[in-house]
1. Restricting to strands (runs of 3 or more DSSP E) lying wholly in region 55-109: which have 2 or more residues that are exposed (fewer than 15 other Cβ atoms within 10 Å of the Cβ) and more than 14 Å from the chain's Cα centre (by Cα)?
2. Filter region 10-54 down to the residues that are hydroxyl-bearing (Ser, Thr, Tyr) and under 14 Å from TYR104 (Cβ atoms), then identify the one that is surrounded by the fewest Cβ atoms within 10 Å (Cβ to Cβ).
3. What's the number of the condition GLU6 fails, among (1) open to solvent by 60 Å² or more (accessible area, probe 1.4 Å); (2) touching a Leu at 6+ places or on another chain (Cβ under 9 Å); (3) of a type in the set (Asp, Glu)?
4. Can you tell which of VAL5, VAL12 is assigned to a strand (DSSP E or B) and over 12 Å from the mean Cα position of the chain (by Cα)?
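The values are calculated or read from the model by the stated rules, or taken from the named source; none is laboratory data. The model shown is predicted, which means the values in this text are computed figures rather than measured ones. Every residue, glycine as well, gets a Cβ built from its backbone with ideal geometry; the counts of neighbours run over all protein chains shown. When the accessible area is computed, the model is the full protein with side chains, heavy atoms only, and any ligands, DNA or RNA have been set aside. Shrake-Rupley method; radii C 1.70, N 1.55, O 1.52, S 1.80 Å.
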Amino acid sequence: QVQLVESGGGAVQAGGSLSLSCAASGSTFGINAIGWYRQDPGKQRELVARIRRGGNTNYGDSVKGRFTISRDNAKNTVYLQMNSLKPEDTAVYYCNVNYYGVEYWGKGTLVTVSS
């Protein structure tokens, strides 16, 4: 079992920045990729960014160049630095791990960007 706890969401004006954290606990040994997804009501959940244990990353097209994902393996924590935020970035952001074929999700943290 893996537990994921997100923190750092909030409200910000367009053009501002926020930083999110995701702390993993439980059976964390062997976790490879940890990702951030987001979901706006009425829309599908979409990939924001994902980082593998070795540091390889991939980003959703809409956030490339604005968001940066990083990882502290010793702390089992993943960070998402979000810059140049836009109103369309408003969503609940979820942390995700696929651990031996089982998907684990955090409860999410709300990010609201006003114009």
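1. Working: elements: 57-59, 67-72, 77-82, 91-99, 102-105.
By residue number, 102-105.
2. The initial filter retains those residues of region 10-54 that are hydroxyl-bearing (Ser, Thr, Tyr), namely 17, 19, 21, 25, 27-28, 37.
This time we only want the ones that are under 14 Å from TYR104 (Cβ atoms), so: 25, 27-28, 37.
Numbers: SER25: 12, SER27: 15, THR28: 16, TYR37: 21.
Among those residues, the one meeting the criterion is SER25.
3. (1)
4. Working: VAL5 fails: over 12 Å from the mean Cα position of the chain (by Cα).
Exactly one residue qualifies, and that residue is VAL12.
This table checks each residue for (1) in contact with a Ser or Thr (Cβ under 6 Å, 6 or more places away or on another chain); (2) over 24 Å from VAL113 (Cβ atoms); (3) at pLDDT 95 or above.
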{"position": "GLY10", "(1), (2), (3)": "no, no, yes"}
{"position": "ALA14", "(1), (2), (3)": "yes, no, yes"}
{"position": "ILE34", "(1), (2), (3)": "no, no, no"}
{"position": "ARG52", "(1), (2), (3)": "no, yes, no"}
{"position": "ARG66", "(1), (2), (3)": "yes, no, yes"}
{"position": "SER70", "(1), (2), (3)": "no, no, yes"}
